[in-house]
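Contents: one structure, followed by commentary.
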Amino acid sequence: MLKHPTTKLGSIARIIMGQSPPGTTYNEVGEGLPFYQGVVDFGNRYPSRRVYCTAPTRIAEPGDILFSVRAPIGRVNIATEHCSIGRGLAVVRPHDPNDREFVEFVLCAGTSHLWDMFEGGGSVFGNARRDDLESLEIVWPAVQERRAIATILGALDDKIELNHQMNQTLEAMAQALFKNWFVDFEPFRDQGMEESKLGPIPRGWKAGELNNIANFVKGVSYRSDDLQESTVALVTLKSVARGGGYQQEGLKPYIGEYKPEQQLQPGEVIVAHTDLTQAAEVLGRAARVQAHPQFPTLVASLDLVIVRSVGYAASSEFLYSMFSRSEFQEHAYSYANGTTVLHLSIKALPEYQCVLPPSEVVDDFTRLVRPLYQCIDSNESQSQSLAAIRDTLLPKLLSGEIRIKEAEKFVEKAI
């Protein structure tokens, strides 16, 4: 088996450590550059809040590799714009821009080991320092092979990103239809409008509380001992993305007990009742649960509430579209309590005031948008498979266990 040579990261890239600007320079009105403290601030599906800085001290450029230097150390992402970076990030800027993609893949391949390497460095929080990064040994094949590896793995990432963009478009289409029908009432104005406690609504429709059409099931409380290898998985708070949407990486294998009603089916809607973020970007956010090949049984965890229709044809697509609107988010925030950890009042969902269209109208809406969400789920499933292929090929290509030609054929079949 071919063994590639190695080099120190500092010899092929410039390392720029982040530094937080003075507190008085931050704002949320768009003045200055976007400010990011950690890699988790990047790549959110629906970013709901941005912080800006008028006096940035460390600036990342578009295309820079961003490396988290505080726990969890070793997370990697790419800057898509000029931005200010705080102490939780470092820029890794290869001397040759053509090596950027390869270096990114190398750092991603080492993520699982980096915490062990840097634990205790810098402070009790386990910070990675500039010296740590500069002395990091990375695989460094000949230039032609570096380019080939980056091209192969990049093709998989490009397809994953294309699926992501397609899903954003499909969901935007579903949300636009919901707004047209159930907020602006455009297709129904000809039948006449009448006053309600929510303002004018189509004649024959009702205004009421969510409690009139749905019930709410709180997830299961669990212990750390319950998180063991299993074909059952908990859908956790981390399954809800910042700003809403579903994240497969939030699943945790689970062997504990649960009630039948706490079991989730693909397509069902969950709402976050807890928030650990600084900006309340998760509290009250909804997600549609997606199937996972490794976990045929999914169970909601304590920080989530399952919302199911009762006695009314409110499909999961209708409910999810309702919860994704800014009006619902504002309602949820008004029911939040807590300081460091936010919690949503148990009254927040039942007391939400909403328009209740005739069931046949909801049925018509569901028939139109369900294929969009099925396509979203299909794209997500394909992206999971492609990511698994990429993560399998990555260490094998870097170690020389798999040759370029073999990997090319494998990827061609997958895409």
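Worth a mention:
- Test result for ILE201, surrounded by 19 or more Cβ atoms within 10 Å (Cβ to Cβ) and touching a Gly at 6+ places or on another chain (Cβ under 9 Å): no
- Residue count for the stretch 259-283 under the criterion of being closer than 18 Å to PHE323 by Cβ and in contact (Cβ under 8 Å) with a residue 60 or more places away in the chain: the result is 10.
- Qualifying residue in the stretch 355-371 (condition: within 30 Å of ILE149 (Cα to Cα) and touching a residue at least 24 places away in the same chain (Cβ under 8 Å)): no
- Condition met for GLU380 (modelled with pLDDT under 95 and among the acidic types (Asp, Glu)): yes
- The stretch 277-306, residues that are crowded, with 18+ Cβ neighbours inside 10 Å and assigned to a strand (DSSP E or B): ALA286, ALA287, ARG288, PHE295, LEU298, VAL299, ALA300, SER301, LEU304, VAL305, ILE306
- The one condition in (1) at pLDDT 95 or above; (2) of a type outside the set (Ser, Thr, Tyr); (3) within 30 Å of VAL51 (Cβ to Cβ) that LEU319 fails to fulfil: (3)
- Among the residues of the stretch 68-103, those identified as in a strand (DSSP E or B) and over 24 Å from THR54 (Cα atoms) are VAL76, PRO94.
- When VAL217, VAL183 are screened for being assigned by TED's automatic domain parsing to the domain that holds HIS331 and modelled with pLDDT of 95 or more, only VAL217 passes.
- Of residues in the stretch 1-23 being surrounded by fewer than 16 Cβ atoms within 10 Å (Cβ to Cβ) and modelled with pLDDT under 80, the one farthest from ARG87 (Cα to Cα): MET1
- Among residues of the stretch 183-198 being out of contact with any strand residue (DSSP E or B) (no Cβ under 6 Å at 6 or more places or on another chain) and in a helix (DSSP H, G or I), the one that is surrounded by the fewest Cβ atoms within 10 Å (Cβ to Cβ) is ASP190.
- The lone exception for SER230 - which of (1) over 26 Å from PHE328 (Cα atoms); (2) of a type in the set (S, T, N, Q); (3) in a helix (DSSP H, G or I) it fails: (3)
The values are calculated or read from the model by the stated rules, or taken from the named source; none is laboratory data. Being a predicted model, the structure only gives us computed values, none of them experimental. Virtual Cβ from ideal backbone geometry, glycine too; neighbours counted across all protein chains shown.
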